[in-house]
Amino acid sequence: MDLDTIREVTVARGRADLAGLGGATGVLAGGTFLFSEPQPQLVRLIDITALGWPACTITTEGLEIAATCTLAQFAAAAPGRELGGGARWRRWRGTALFAQACRALVASHKIWHSATVGGNVCLALPAGAVLAALVALDGVALVWAAGGGDRRIPLREFVIGPGLTVLRQGEVLRSIAIPERALLARTAFRKIALAPLGRSGAVVMGRRESGDRCVLTLTAATTRPVVLDFQLVPDDRAVAAALDEVDPALWFDDPHGAPDWRRHVTGLLAAEVAAELRAEPGGQP
């Protein structure tokens, strides 16, 4: 839709062009949410897509994903498809969550090629599955602070509620770094919705590292991503006990699912994810 309050669009070519962000000035990247509903508080947009950030970059520590990486680029970043990187990249089994997360979103082909990873993270919606995948892989956000300087924030601490993040006025999400130990991990994914093509009611992602440390990440059913850490892959009893410790106020309530239903199905999905991670590849638990 048209945003009839916008009086100026600035195309950022460098970090200095981001001055003035906040208040009546917003960030434009993919714009798929921005242009989906009125934004009466905005009169100016700063387009960050011309900053030239590579979608995905292999680093010495793992993988860096730019905030402007589109969902299509993110989903395609699987071993042998996007970056090359030789044997090291091919071992990164955790990238399987990328495409699974994108498919969990209710989005058209057109949206996939314009919506961005950074937009999904900063929108901070409970059903933000791309956000959840990055949390599940221990992602760390690199934030450009207003006036210069950087902040690094673990993504599990980035969202504090529906549509609410720890970003301060004038700050911009630059990228998300994923450590190699998480990329090397085995993963499992489960999703449920009230309708076959409906918005996710509950999503559970699991990660099992080489030392058998296990992490389950809950989203869609909760107001923000919830991370459950285990020293070993949990059995059903341990999963149930961990879910009992989740603050009841975190279970989300909207037309896509009642809190009690979300809590129940999350328990079922979490048990399935843990069982898959307990099993040896191609074998039994």
A careful count of residues in segment 242-285 that are surrounded by fewer than 18 Cβ atoms within 10 Å (Cβ to Cβ), modelled with pLDDT of 95 or more, in a loop (DSSP other than H, G, I, E, B) and of a type outside the set (D, E, K, R) gives 2
Scan segment 58-98 for residues that are assigned to a loop (DSSP other than H, G, I, E, B), modelled with pLDDT under 95 and closer than 21 Å to Ser114 by Cα and report the count.
-> 5
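Report whether or not Ala129 is modelled with pLDDT under 95 and buried (at least 21 other Cβ atoms within 10 Å of the Cβ). Walk me through how you get there before you give the answer.
Working: modelled with pLDDT under 95: yes; buried (at least 21 other Cβ atoms within 10 Å of the Cβ): yes.
Taking the combined requirement at face value, the residue satisfies it.
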When only residues in segment 176-221 that are among the basic types (Lys, Arg) and within 25 Å of Gly267 (Cα to Cα) count, which is surrounded by the most Cβ atoms within 10 Å (Cβ to Cβ)?
-> Arg207
Looking at Leu137, Leu173, which is the one that is more than 19 Å from Phe252 (Cβ to Cβ), touching a Lys or Arg at 6+ places or on another chain (Cβ under 8 Å) and either crowded, with 22+ Cβ neighbours inside 10 Å or not assigned by TED's automatic domain parsing to the domain that holds Leu97 (or both)?
-> Leu137
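For the structure I just gave you, tell me whether Leu228 is of a type outside the set (Phe, Trp, Tyr), modelled with pLDDT of 95 or more and assigned to a strand (DSSP E or B).
Details: of a type outside the set (Phe, Trp, Tyr): yes; modelled with pLDDT of 95 or more: yes; assigned to a strand (DSSP E or B): yes.
Against the criterion (of a type outside the set (Phe, Trp, Tyr), modelled with pLDDT of 95 or more and assigned to a strand (DSSP E or B)), Leu228 qualifies.
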With the first residue restricted to segment 227-250 and required to be in contact (Cβ under 8 Å) with a residue 24 or more places away in the chain, and the second required to be buried (at least 16 other Cβ atoms within 10 Å of the Cβ) and of a type in the set (Ser, Thr, Tyr), Cβ contacts under 6 Å at 6 or more apart or on different chains are Val227/Thr217; Leu250/Thr222; Leu250/Thr223
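The values are calculated or read from the model by the stated rules, or taken from the named source; none is laboratory data. Given the structure is predicted, the values throughout are model-derived calculations rather than measurements. Heads up, the Cβs are rebuilt from the backbone with ideal geometry, glycines too, and the neighbour counts pull from every protein chain shown.
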